[in-house]
1. Give V113, V105 a once-over and let me know the one that is modelled with pLDDT of 85 or more and surrounded by 15 or more Cβ atoms within 10 Å (Cβ to Cβ).
2. Check N67 against each of (1) in a helix (DSSP H, G or I); (2) surrounded by 16 or more Cβ atoms within 10 Å (Cβ to Cβ); (3) in contact with a helix residue (DSSP H, G or I) (Cβ under 7 Å, 6 or more places away or on another chain) and name the one condition it does not meet.
3. For region 107-161, which residues satisfy the criterion of being among the charged types (D, E, K, R), in contact with a helix residue (DSSP H, G or I) (Cβ under 7 Å, 6 or more places away or on another chain) and within 20 Å of G228 (Cβ to Cβ)?
4. Out of all the residues in region 189-239, which are farther than 30 Å from L26 by Cβ and either touching a Pro at 6+ places or on another chain (Cβ under 7 Å) or among the hydroxyl-bearing types (S, T, Y) (or both)?
5. Go through region 88-102 and report how many residues are buried (at least 18 other Cβ atoms within 10 Å of the Cβ) and not small (G, A, S).
6. Restricting the first residue to region 316-332 and requiring it to be closer than 14 Å to L164 by Cα, which pairs with a second residue that is at pLDDT below 70 and not in a helix (DSSP H, G or I) meet a Cβ separation below 6 Å and a spacing of at least six or different chains?
7. When you look at K282, is it over 16 Å from F71 (Cα atoms), surrounded by 17 or more Cβ atoms within 10 Å (Cβ to Cβ) and at pLDDT below 85, yes or no?
Amino acid sequence: MIRTKGFLRNVSFILFSSIGGLLLSLTGLSIGWMLGTLVMAGAFSFWSHTNSTSSDDKYVLPRFWMNAGQFILAIELGQKINLTVIDIFRDHWMSIMTMLLLSIVFSLLSGLVLWKFSHTDLLTSLFGTVPGGLSVIPGIAEEVGGNIGVVSIIQTMRVFLVVLVIPFLVSSFAVHSAKLEVSNNQSAFIFPSLEMDEMIWTAVLALGALAGYYIGKRLKFPAPWLVGGMLGAASIQAAGSSFAGHNLTPWWPNILIIAAQVFIAASIGSKFHKKMFTGLWKTMAVALFSTIGLILSLFICAFIVSKLTGITFVTAVLAFAPGGITEMATTAAVLHEDSTFVVVVQVLRIVLVCIAVPPLIKLLHQRRLRNRAHSHAARNI
């Protein structure tokens, strides 16, 4: 009876929070479900935590829902590593790796600036600025000790700046205009036709993601449901497609990725409380300027890469952009740029960030703590 009551409370909270996601998704924003749910869940949690008199009344969504969202997201990202991605990476690996490494380096420098000039701790600052995605980074940040509320807000601001500023700027650079040729806003309630081979491949990817989770957990990956699951699904997708000689497609309705966004956003929002946002205004001001600096530096890098590789400047900018895969791909298609290349670089950026950046940030944090401990011990001698 108690378990049933708790489950119904969790589902009610998620459904209530998803109202915000539904409303914001009507604007056509690709992250509308994630952002709207996060705002609704965060506002309700902030209000309930502020007005509760007992710690027992402070509701937090159980970890199961975050894990479920990360597992779905792992399969979503893993299935994108197909033959097309592999072929493009093989042809342009030097350009792609240069773009990815430079974007990560500049984002970490942006995080260091945020840490130096605000009241935010190092972990939160670095995870707040790293370009890994609003649905990906906050969950990982929480597991290694970052402030999930501040990370979510900084990531949201970064995505909004990128989505609003970069398409407008690159459109002004284009020498011609074009009508919109593609649409990436699928209805949540349109399901692809059921094909037996696609259903089987979906089950195979899910098993691969589950195996990846257990391996990731044993190897102590951060967020093993996401990182390990993504590596497992990606390995199965790449191997299966290579063996078949064509891209294998799972049955994957759009409502699944919407569910993942809602689960993750509701889980994050349920943890919001007043103490998380102490000194937030100064942090936001510094984060705004550091994010603008990050965008400007990536424009410069895109210009250099375009000159060295022959990739057009607009394509390089859209591929370099620290966020907004759907918006960048749509802009590339509108301007008749290489949208496939843009999507490949953006997807590989998220994969690389999930795998490499959390251990690096954790290592930097531990090194700083050791140095602080040594200096403190030296002063006491």
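The values are calculated or read from the model by the stated rules, or taken from the named source; none is laboratory data. Bear in mind the structure is a predicted one, so any value in this text is a computation, not a measurement. With ideal geometry, Cβ positions are generated from the backbone for all residues, glycine too; neighbour counts draw on all protein chains shown.
1. Details: V105 fails: surrounded by 15 or more Cβ atoms within 10 Å (Cβ to Cβ).
Of the residues listed, the single one that is modelled with pLDDT of 85 or more and surrounded by 15 or more Cβ atoms within 10 Å (Cβ to Cβ) is V113.
2. Every condition holds for N67 apart from (3).
3. Matches in region 107-161: E142 only.
4. Those that are farther than 30 Å from L26 by Cβ and either touching a Pro at 6+ places or on another chain (Cβ under 7 Å) or among the hydroxyl-bearing types (S, T, Y) (or both): W201, L205, Y213, Y214, G216, K217, P222, S235.
5. Keep residues of region 88-102 that are buried (at least 18 other Cβ atoms within 10 Å of the Cβ), which gives 88, 92, 95-96, 99-100, 102.
When the remaining residues are screened for being not small (G, A, S), the result is 88, 92, 96, 99-100, 102.
Of the residues in that region, 6 qualify.
6. T326/S30; T326/N184; T330/N184
7. Working: over 16 Å from F71 (Cα atoms): yes; surrounded by 17 or more Cβ atoms within 10 Å (Cβ to Cβ): no; at pLDDT below 85: yes.
For K282, the condition - over 16 Å from F71 (Cα atoms), surrounded by 17 or more Cβ atoms within 10 Å (Cβ to Cβ) and at pLDDT below 85 - is not met.
Each row is one residue, and each column tells you yes or no for (1) among the acidic types (D, E); (2) out of contact with any Lys or Arg (no Cβ under 6 Å at 6 or more places or on another chain); (3) modelled with pLDDT under 80; (4) not in a helix (DSSP H, G or I).
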| site | (1), (2), (3), (4) |
| --- | --- |
| T330 | no, yes, yes, no |
| E337 | yes, yes, no, yes |
| V342 | no, yes, no, no |
| V353 | no, yes, no, no |
| L364 | no, yes, yes, no |
| R368 | no, yes, yes, no |
| A378 | no, yes, yes, no |
